[in-house]
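Everything on this sheet refers to the single structure shown next.
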Amino acid sequence: MEQDAAASAAMQILMGAGEARKFVSEAIGAIADWDYGLATDYLAQAQEALREAHVVHTDIIQAEAGGAAAVGFPVLFSHAQDTMMTTDSEIRLVRKLLVVFRAVGERLDAVAPHTDATDGTRENC
């Protein structure tokens with residue numbers, strides 16, 4: 001694989017991972033606002049953006065494993081892989097945080113409901 005092709009693939013991976021990371025950040029904000037539905041939507045968008053990056057990554061690995069192209073390890077491609085895997089970890093972590101915050105919210109509601117019926121947000125918590 002040419003350096004230009006590897007750089008192009010790395011940029012595709014970085015863009016997908018960066019977009020996913022943006023959605024992860026939005027999901028954390030939604031969790032902080034107790035909006036679990038929106039957080040779930042953002043996580044789904046993050047997962048899809050990361051999936052697209054992973055397809056590019058997998059194609060390169062399969063091409064090299066099949067002998068079709070040698071990629072080597074350009075710094076940009078290494079950075080792209082690192083960003084993609086870190087973002088994958090962030091998505092997994094925020095999914096778990098969402099479960100925890102839902103459970104905490106349910107327990108708080110059982111003790112003393114603080115939910116505003118109009119928008120689902122919590123007040124004074």
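Figure legend. Inter-residue proximity from the range 72-87: first residues under 17 Å from residue 52 (Cβ atoms), second residues at pLDDT 80 or above and loosely packed, with under 13 Cβ neighbours inside 10 Å, beta-carbon distance below 7 Å, spacing 6+ or different chains. No pairs are indicated.
Of all residues in the range 7-39, which are open to solvent by 50 Å² or more (accessible area, probe 1.4 Å), closer than 13 Å to residue 56 by Cβ and more than 16 Å from the chain's Cα centre (by Cα)? Listed by number, the residues that qualify are 8, 11. A search for C-beta distances below 7 Å between a residue of the range 41-58 that is touching a residue at least 40 places away in the same chain (Cβ under 8 Å) and more than 14 Å from residue 85 (Cα to Cα) and any residue that is surrounded by 13 or more Cβ atoms within 10 Å (Cβ to Cβ) and of a type in the set (Val, Ile, Thr), counting only pairs 6+ apart in sequence or on different chains, returns 43/91; 43/94.
The values are calculated or read from the model by the stated rules, or taken from the named source; none is laboratory data. A quick note: this is a predicted structure, and the numbers were derived from the prediction, not measured. FYI the Cβ positions are ideal-geometry reconstructions off the backbone, even for glycines, and counts take in every protein chain you see. Ligands, DNA and RNA are stripped out before the accessible areas are found, and what is left, the full protein with its side chains, is counted by its heavy atoms. Shrake-Rupley method; radii C 1.70, N 1.55, O 1.52, S 1.80 Å.
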